[in-house]
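Here is the structure we will look at.
The values are calculated or read from the model by the stated rules, or taken from the named source; none is laboratory data. Only a predicted model underlies this, so the values are computations on that prediction, with no experimental measurement involved. Note that each Cβ is placed from the backbone with ideal geometry, even for glycine, and that neighbours are counted across all protein chains shown.
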């Protein structure tokens, strides 16, 4: 089993990619996440580093976090790759779907670090990705939106089939997976979770043209038993 890391934002796409990688027989050793220079928030979704650590604990997979800034991102990302390679990790799993420029960047930097990139979701239809994510039993909530597209009322909303229908009903050409940055999510439960991540309280904050669901308190809870299971 090839030892790999999953490039981790805390959201649905990377989580589903990690799940599929496990199903394909890859050995997920780490979740790898980049945070701001202060180490407090993820660069991708603006999530608290503490919440991401709790999420990793819920999954039972170690989380490695790399501090970085806008001007040093590539160098810092390479530093993280080198650290993982030194731990014996030879592959990386990414939740990219169809953004060619980012895939080309990942192919280049991973290749230079001796890391084989894997893209389980690449060029799959986004509506199918969403359907699979929900049908498999994953649960996620919206934690960020582009304010010019989706208002604060979308924050904290569960990602389910009603969510998909309501997005489509807006007639704003929003990509089903939010691949153009329209919205971001946090996965709180699913088939690979050992515990459930519960959001206790959060604030809705407008910053830099985006609404953020800033989680103030969260907790790990036992997974709910399914009907018919003792």
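What's the number of the condition residue 12 fails, among (1) at negative phi; (2) out of contact with any strand residue (DSSP E or B) (no Cβ under 8 Å at 6 or more places or on another chain)?
(2)
Can you give me the number of residues within segment 51-64 that are without any contact (Cβ under 8 Å) to a residue 40 or more places away in the chain and closer than 15 Å to residue 217 by Cα?
Going through segment 51-64 one residue at a time, the tally reaches 1.
Within segment 105-134, can you find the residues that are assigned to a helix (DSSP H, G or I) and either within 18 Å of residue 178 (Cβ to Cβ) or outside the structural domain of residue 28 (by TED's automatic domain parsing) (or both)?
Matches in segment 105-134: 126, 127, 128, 129, 130, 131, 132, 133, 134.
Taking the options 76, 71, name whichever one is over 28 Å from residue 218 (Cα atoms) and modelled with pLDDT under 95.
71
For segment 176-196, does any single residue satisfy the condition of being free of Cβ contacts under 8 Å to residues at least 60 places away in the same chain and over 16 Å from the mean Cα position of the chain (by Cα)?
There is no residue in segment 176-196 that is free of Cβ contacts under 8 Å to residues at least 60 places away in the same chain and over 16 Å from the mean Cα position of the chain (by Cα).
Looking only at segment 119-142, decide whether some residue is under 26 Å from residue 203 (Cβ atoms), out of contact with any helix residue (DSSP H, G or I) (no Cβ under 8 Å at 6 or more places or on another chain) and in contact (Cβ under 8 Å) with a residue 24 or more places away in the chain.
yes
For every residue, the table says whether it meets (1) surrounded by 20 or more Cβ atoms within 10 Å (Cβ to Cβ); (2) touching a residue at least 24 places away in the same chain (Cβ under 8 Å); (3) part of a loop (DSSP other than H, G, I, E, B); (4) not assigned by TED's automatic domain parsing to the domain that holds residue 146.
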| residue | (1), (2), (3), (4) |
| --- | --- |
| 31 | yes, yes, no, yes |
| 44 | no, yes, yes, yes |
| 66 | no, yes, no, yes |
| 76 | no, yes, no, yes |
| 83 | no, no, no, yes |
| 103 | no, no, no, yes |
